[in-house]
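Report on the following structure.
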Amino acid sequence: MGEGQLDNWTSPMDFLLLGLGNVPELQSPLFFLTFMIYSVTMAGNILIIVLVMAVQHLHTPMYFFLVNLSSLETCYSSTILPRLLASFLTGDGTISAHGCITQFYFFGSFVTSECYLLAAMSYDRYLAICQPLLYASFMTWKVCIQMAVGSWLMGFLLSAVVIHLLSQLKFCGPKAIDHFFCDLIPLLELSCSETRVVTLVTFMLSLLDLVFPFLFMLASYVCIIAAILRIPSRVSRQKAFSTCSSHLTVITVFYGTLIIVYMMSRSVSLRQLNKVLSFFYTILTPLVNPLIYSLRNREVREALSKGLRKAVVCIQRS
């Protein structure tokens, strides 16, 4: 084995994550910015989870799926941001081979699970708006749990296939990954093995875990919008659309940035832009989703305001 070669991820060789840019003056501002984003992301998503669990009238399928979505985004933010914060703080961008493949596995698993979960949430909204009389019999708690568990399992199982193939590759120098986390394409660029099989299998799996859920959501919302437009009352149309507008906004932001990032060329001139867009969908999307659901959803706003009033009363009494 040549010097600097990594055989089946068993070598102690480390990778070097180049991060968002090699500008020492920006490391401290980027650390505080990222720390604030991570703190607000965790607080916002955990607040939604606690709120839904604590408020009885939010114990519905839609909010059950929202709890799962917030849990996923809490998890996949935590696969990237703590490591990124450490690199800003210490200036050390090295990551072990096993740490790199572990980060990619969990990140890929959570993103894939989110695609299926967003599709399940689309189905929930389709039944609620297009088939309201059948909603209670179709969307039972048993079905909700099966769909949520299935979303998580599909993410972990499909990502395991890619990880298995990736672990068969050999990696030769240079060992620098031009990204701020371990992603598939930057890793394949470093491989000195034949990558056609990994690329082909990944493409086929992406049809299953990205394209299929997206087409399902697209078809669901075509039916939803058509059903809303048939409602004669303007007030009723606005009320029906408000129940799915938050979810539609989340889908647009998530898939919009995801498609742009992975369809964009990895040419040297566009790599910095690619990293900026990756920063948006991996870090900013989990931040804005709780804001979207809290600002655009009347029930969440009311439950949050009631909870805050109770907290203020308890503090004043103490």
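Structure data summary
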item	result
Set of lysines with alpha-carbon distance to LYS275 below 20 Å, sequence-local pairs under 8 removed	LYS175
For the chain, share of DSSP beta bridges that run antiparallel, in % to the nearest 5	75
Relative frequency of Cα-Cα separations exceeding 21 Å in the stretch 33-100, percent	40
Per-peptide average of other Cβ atoms within 10 Å, ordering 92-101, 285-294 highest first	285-294, 92-101
Ordering of 45-55, 31-41 by burial proxy (mean other Cβ atoms within 10 Å per residue, highest first)	45-55, 31-41
Span per principal axis, largest first, for the Cα atoms of the chain (Å)	70, 51, 35
For the chain, calculated [θ]222 nm from helices alone, where every DSSP H run of n ≥ 4 adds -39500 (n - 2.57)	-24500 deg cm²/dmol
Rounded FRET efficiency, nearest 0.05, which uses the C-beta distance separating MET53 from VAL313 and R0 of 22 Å	0.60
Segment GLU299-SER245, extension gain: residue separation times 0.36 nm, minus the distance between their alpha carbons	18.1 nm
By average C-beta atoms within 10 angstrom, highest first, the peptides 199-208, 184-193	184-193, 199-208
THR94 long-range amide H proximity, modeled H, under 5 Å	LEU17
The stretch 150-255, Rg to Rh (Cα coordinates; Rh as Kirkwood inverse mean 1/r)	1.19
Volume per residue that the Cα convex hull of the stretch 101-149 spans, once the total is divided by residue count, Å³	50
Cut-off 17 Å, label 7 Å out along Cα→Cβ of ARG230, residues of the stretch 104-129 by amide N	125-129
Rough spin-label spacing in nm, given labels placed 7 Å along Cα→Cβ, for LYS175 and GLN238	6.1
Principal semi-axes in Å for the stretch 172-318 [√(5λ), Cα gyration tensor, largest first]	40, 25, 12
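Throughout, read-outs are computed from the coordinates displayed, never taken from laboratory work. Nothing here was measured: the structure is a model prediction, and the numbers come from that model. Glycine gets a Cβ as well: all are built from the backbone with ideal geometry, and neighbour counts include every protein chain shown.
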